Amino acid sequence: MLEPLELVELCEQFWADNPLKGKKIAITAGPTREAIDPVRYISNQSSGKMGFALAQAAQQMGADVTLISGPVSLASPHGVDRINVISAQEMYDASMAHAPNHDIFIACAAVADYRPEQVATQKIKKTDQNDQMNITMVKNPDIVASVAALETSRPYTVGFAAETQNVSLYAQKKLAKKNLDMICANDVSLQGQGFNSNDNAITVYWQDGEQSLTLASKSQIAHQILHLIADKQSAN
């Protein structure tokens, strides 16, 4: 017999409106880790909670979901096909392999913009002569821009902008520069929302409009974002 919460979830899905029924959605989530040596890496504060909430909400709304996840401590959402990756290059490879086979691509992951040019094969040792460590960084591939630039089988492409200042300005610049269909922006400098929080507040921008989603659980925010995506994608 199923657990009570699983039964409740299935009942909710049975009676729910399914605006994404028949759609295939690929979602990236979590951070990436860029190796320095076999024991050290560069990463960020992303917990993956927003991306996982989107994956679960999309599945509940009828979509066939592929979740491309960086290293996080979260259980896979029910009914979602999960692909685990570590580095930005691995996430790029997985995204480019799967995005053309999906109707919608949501780049929610906090992907490292740069990686060390050289990865040491052995642990870098601290010595009395080493007061500094200098690491040359090179750019990682831009996943969401690469998906948006696909000439054939391009999915409806949604980005995320996690900013600490000038949120609206940076988000709208990213929307235009990367040729996205939609972007979800949030201020991660505010306490109680964004990275590692269970709640979030988002402003969603598209070419000729925007909508603010006030502070709520990431699950609620995910459903609101996906309803907007369903409306705008179907109108295209």
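Observations
- Comparing segment 22-144 with the 2.2 N^0.38 Å rule of thumb, its C-alpha radius of gyration ratio is 1.22 (two decimals).
- Segment 71-110 and segment 139-198: distance between their alpha carbon centers, rounded to Å: 15
- Share of carbon and sulfur in the accessible heavy-atom surface of the chain [1.4 Å probe, %]: 47
- Options 32, 22, 219, ranked by Cα towards positive dipole end of the chain, top entry (Cβ charges): 32
- Global dimensions of segment 86-228 from alpha-carbon coordinates: Rg and Dmax equal 18.0, 58 Å.
- Using the Cβ-Cβ distance between residue 169 and residue 234 with R0 set to 30 Å, the FRET efficiency works out to roughly 0.55.
- Protection proxy ranking, peptides 90-99, 205-214, 117-126, average beta carbon neighbours within 10 Å, highest first: 90-99, 205-214, 117-126
- The charge dipole of segment 105-208, taken about its Cα centre with unit charges on the Cβ of Lys, Arg, Asp and Glu (plus for the first two, minus for the last two), comes to roughly 300 debye.
- Top positive-direction residue, dipole computed over segment 76-200 with Cβ charges, set 170, 147, 134: 134
- For residue 217, neighbours were defined as the other residues whose beta-carbon sits under 11 Å from its Cβ, and their charges (Lys and Arg +1, Asp and Glu -1) total +1.
- CD proxy at 222 nm, helix term only [per DSSP H run n ≥ 4: -39500 (n - 2.57); per residue of the chain; nearest 500]: -9000 deg cm²/dmol
- The chain, accessible area per residue, ligands and nucleic acids excluded (1.4 Å, Å²): 54
- Given 177/218; 139/218; 23/218; 125/178; 24/139; 49/125, the pairs whose alpha carbons are separated by over 32 Å: 125/178; 49/125
- Membrane-span-like helices in the chain, defined here as complete DSSP H runs extending at least 24 Å along the helix axis by their C-alpha atoms with mean Kyte-Doolittle hydropathy no lower than -1.0, are 218-235; this is a sequence and geometry rule, not a statement about a membrane.
- Computed over the chain: relative contact order in percent, which uses C-alpha pairs under 8 Å that are six or more apart: 18
- Relative contact order for segment 40-88, counting Cα pairs under 8 Å that sit 6 or more residues apart, in percent: 34
The values are calculated or read from the model by the stated rules, or taken from the named source; none is laboratory data. The structure presented is a predicted model; accordingly, all values stated were derived computationally and were not measured. As a convention, Cβ positions derive from the backbone with ideal geometry for all residues, glycine included, and neighbour counts pool all protein chains shown. Side chains included, ligands, DNA and RNA excluded: accessible areas come from the protein's heavy atoms. Shrake-Rupley method; radii C 1.70, N 1.55, O 1.52, S 1.80 Å.
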